[in-house]
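Visitor: Shown below is the structure under consideration.
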Amino acid sequence: IKSSPQIRLVGGVNEAMYAEFRNQLSAAPTEGPLVIAITTLGGNPEIARAMADDVRLLREAGRPICFLGKAAVYSAGATFMAGFPVSHRFLTKNTSILIHERQISRTIDLSGPLQSCTAQLKAVLNEIEHSIRIEDEGFRQIVDGSDVTFETVKEKAPDNWYIGSEEAKELGLIADVI
């Protein structure tokens, strides 16, 4: 892990980062451990989940892959980190992780027959409930193998839980600080 990362990602977790991730992954050596470094203030959690799925598939094929968080691993960055087992997660000194709840901003304009208004509201409620299930799955993944319980994350996430690298190590969320 102390060697130079083969993949370096900086910026918002979005379609451009995913394309850069795929490009760097294609150019990376195919043998030996792979180190993916990321610095991000967050972004799209679904893109982060897709990147984590790519990592999972490579791990299941036998490729050792390590996560290296640098400076800031916020929001969707923590979602990406959750795709790695604790034993393969590392942070540099003075790096912070941010874990929080998913957010939504939506205005609902009800207009028309009452039946269609009910359907509109049910559709939004279904979206929210589905997103909460995905969020809970991510929270379970990030604490799997650590000393942190799912209930602790659910309690702290609404207030934006910032975790420094040393605290992350003490909590067992990462393997080491380098």
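The values are calculated or read from the model by the stated rules, or taken from the named source; none is laboratory data. Because the structure is a prediction, the values reported are computed rather than measured. Methodologically, a virtual Cβ is constructed for each residue, glycine included, from the backbone with ideal geometry; neighbour enumeration extends over all protein chains shown. Note: accessible area is taken over every heavy atom of the protein model, side chains too, but ligands, DNA and RNA are not part of it. Shrake-Rupley method; radii C 1.70, N 1.55, O 1.52, S 1.80 Å.
Visitor: Among the residues in the range 97-120, are any at pLDDT 95 or above, of a type outside the set (Val, Ile, Thr) and either open to solvent by less than 30 Å² (accessible area, probe 1.4 Å) or part of a strand (DSSP E or B) (or both)?
Guide: Yes, the range 97-120 contains at least one residue that is at pLDDT 95 or above, of a type outside the set (Val, Ile, Thr) and either open to solvent by less than 30 Å² (accessible area, probe 1.4 Å) or part of a strand (DSSP E or B) (or both).
Residue-wise test of (1) under 10 Å from the mean Cα position of the chain (by Cα); (2) of a type in the set (D, E, K, R).
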site: LYS70; (1), (2): no, yes
site: TYR74; (1), (2): yes, no
site: GLY77; (1), (2): yes, no
site: ALA82; (1), (2): yes, no
site: LYS93; (1), (2): no, yes
site: GLN103; (1), (2): no, no
site: THR107; (1), (2): no, no
site: GLY112; (1), (2): no, no
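Visitor: Here's something else I'd like to know. Residues SER75, SER131: which one is within 18 Å of ALA48 (Cα to Cα) and in contact with a Lys or Arg (Cβ under 7 Å, 6 or more places away or on another chain)?
Guide: SER131
Visitor: Within the set of pairs 6+ apart or on separate chains, which have a first residue in the range 122-133 that is of a type outside the set (A, V, I, L, M, F, W, C), a second that is open to solvent by less than 80 Å² (accessible area, probe 1.4 Å), and C-beta atoms under 8 Å apart?
Guide: Correct list of pairs: SER131/ARG102.
Visitor: Can you spot a residue in the range 147-162 that is over 27 Å from ARG8 (Cβ atoms), of a type in the set (Gly, Ala, Ser) and either in contact with a Gly (Cβ under 9 Å, 6 or more places away or on another chain) or free of Cβ contacts under 8 Å to residues at least 12 places away in the same chain (or both)?
Guide: No: the range 147-162 contains no residue that is over 27 Å from ARG8 (Cβ atoms), of a type in the set (Gly, Ala, Ser) and either in contact with a Gly (Cβ under 9 Å, 6 or more places away or on another chain) or free of Cβ contacts under 8 Å to residues at least 12 places away in the same chain (or both).
Visitor: Let me ask something additional. Condition first: in contact with a Pro (Cβ under 8 Å, 6 or more places away or on another chain), outside any loop (DSSP other than H, G, I, E, B) and either in contact (Cβ under 8 Å) with a residue 40 or more places away in the chain or more than 23 Å from VAL177 (Cβ to Cβ) (or both). Can you find one or more residues in the range 50-61 that meet it?
Guide: For the range 50-61, residues in contact with a Pro (Cβ under 8 Å, 6 or more places away or on another chain), outside any loop (DSSP other than H, G, I, E, B) and either in contact (Cβ under 8 Å) with a residue 40 or more places away in the chain or more than 23 Å from VAL177 (Cβ to Cβ) (or both): absent.
Visitor: So which pairs qualify, if the first residue must be in the range 12-32 and under 24 Å from VAL73 (Cα atoms) and touching a residue at least 40 places away in the same chain (Cβ under 8 Å), the second must be open to solvent by less than 50 Å² (accessible area, probe 1.4 Å) and among the aromatic types (Phe, Trp, Tyr), the Cβ gap must be under 9 Å, and the two must be at least 6 apart or on different chains?
Guide: From the range 12-32, the pairs are VAL13/PHE80.
Visitor: For the range 3-13, check the following and say yes or no: at least one residue is modelled with pLDDT of 95 or more and of a type in the set (Ser, Thr, Tyr).
Guide: Taking every residue of the range 3-13 in turn, none turns out to be modelled with pLDDT of 95 or more and of a type in the set (Ser, Thr, Tyr).
Visitor: Against the condition closer than 22 Å to LEU25 by Cα and either without any contact (Cβ under 8 Å) to a residue 24 or more places away in the chain or assigned to a helix (DSSP H, G or I) (or both), how does PHE84 come out, does it pass?
Guide: no
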